[in-house]
1. Looking at (1) in contact with a helix residue (DSSP H, G or I) (Cβ under 6 Å, 6 or more places away or on another chain); (2) surrounded by 15 or more Cβ atoms within 10 Å (Cβ to Cβ); (3) not in a helix (DSSP H, G or I), find the lone condition where residue 107 falls short.
2. Would you mention how many residues in the range 152-180 are assigned to a helix (DSSP H, G or I) and either under 20 Å from the mean Cα position of the chain (by Cα) or touching a residue at least 24 places away in the same chain (Cβ under 8 Å) (or both)?
3. If you check 119, 183, 139, 123, which single one turns out to be in contact with a helix residue (DSSP H, G or I) (Cβ under 8 Å, 6 or more places away or on another chain) and either assigned to a helix (DSSP H, G or I) or crowded, with 19+ Cβ neighbours inside 10 Å (or both)?
4. Find all pairs meeting these conditions: Cβ atoms under 8 angstrom apart; at least six residues apart or on different chains; first residue within the range 27-38 and within 11 Å of residue 151 (Cα to Cα); second residue in a helix (DSSP H, G or I).
5. Residues that are over 21 Å from residue 19 (Cβ atoms) and either surrounded by 14 or more Cβ atoms within 10 Å (Cβ to Cβ) or in contact with a strand residue (DSSP E or B) (Cβ under 9 Å, 6 or more places away or on another chain) (or both): does the range 144-151 have at least one?
6. Could you please let me know if residue 211 is in contact (Cβ under 8 Å) with a residue 24 or more places away in the chain and either surrounded by 10 or more Cβ atoms within 10 Å (Cβ to Cβ) or not in a helix (DSSP H, G or I) (or both)?
7. Restrict the check to the range 214-221 and report whether at least one residue is loosely packed, with under 11 Cβ neighbours inside 10 Å, at pLDDT below 95 and assigned to a loop (DSSP other than H, G, I, E, B).
8. Among the listed residues 11, 49, which satisfies the condition of being closer than 20 Å to residue 96 by Cα and assigned to a helix (DSSP H, G or I)?
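The values are calculated or read from the model by the stated rules, or taken from the named source; none is laboratory data. In this text the structure is predicted, and so the values were computed from the model without any measurement. Note: ideal-geometry Cβ built from the backbone for every residue, glycine included; neighbour counts use all protein chains shown.
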């Protein structure tokens with residue numbers, strides 16, 4: 001029987017992923033207090049992400065008989081690759097993160113919740129299936145962890161990073177379509193999910209709205225915390241005086 005979305009294999013993976021990520025985050029917050037220790041942990045996770053996405057692309061290229069397929073042709077695949085490199089070799093809060101973190105969160109979350117590719121092969125542990133879900137899950141987790149420990153700080157003034165990154169993806173997709181004959185590259189001509197209107201031209205406006213809402217909510221939270229901190233500091237000054 002083919003693996004199914006929300007079948008026992010999928011649900012088991014989600015439960016294990018939830019347990020490992022929650023437990024791991026608690027341990028990291030408790031014991032990784034210094035920037036050096038956080039850098040080591042983040043770069044190790046970035047290396048794992050790199051291994052997972054390269055494993056996935058090699059599997060697709062070799063089994064599909066097209067070595068050009070080693071080049072990611074989707075937002076999630078390319079994001080996992082760029083994300084891993086930005087973490088392994090980039091500094092904290094580098095410009096690339098202001099693009100890939102958001103894509104890693106959205107793409108990773110949607111994919112681990114609804115991995116439409118898992119029924120393509122007879123086993124959940126098929127090399128393409130397991131490597132695909134692992135790189136999506138790792139990308140999603142890193143997009144959250146980096147914000148929790150302050151390795152990445154969202155900033156709406158860096159919105160242009162999204163514009164540059166998205167343009168680069170689309171240009172690569174056009175090259176793959178018209179030169180390498182990748183029919184579904186970056187959902188430019190075909191939707192991400194068959195039978196839906198979710199081409200890149202629909203996805204981008206939806207993503208832009210979500211990004212804007214996230215930034216607005218985040219700014220409000222920051223203002224509330226700053227105001228609360230000022231009130232507490234004033235109360236302390238009054239008590240001391």
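1. Just one mismatch for residue 107, condition (3).
2. If we filter the range 152-180 for residues that are assigned to a helix (DSSP H, G or I), which is where we start, we get 156-178.
Keeping just the survivors that are either under 20 Å from the mean Cα position of the chain (by Cα) or touching a residue at least 24 places away in the same chain (Cβ under 8 Å) (or both) gives 156, 158-170, 172-173, 176.
Residues that pass the stated criteria total 17.
3. 139
4. 38/28
5. Yes, the range 144-151 contains at least one residue that is over 21 Å from residue 19 (Cβ atoms) and either surrounded by 14 or more Cβ atoms within 10 Å (Cβ to Cβ) or in contact with a strand residue (DSSP E or B) (Cβ under 9 Å, 6 or more places away or on another chain) (or both).
6. Yes; evaluated as a whole, the condition is true for this residue.
7. No, the conditions are met nowhere in the range 214-221.
8. 49
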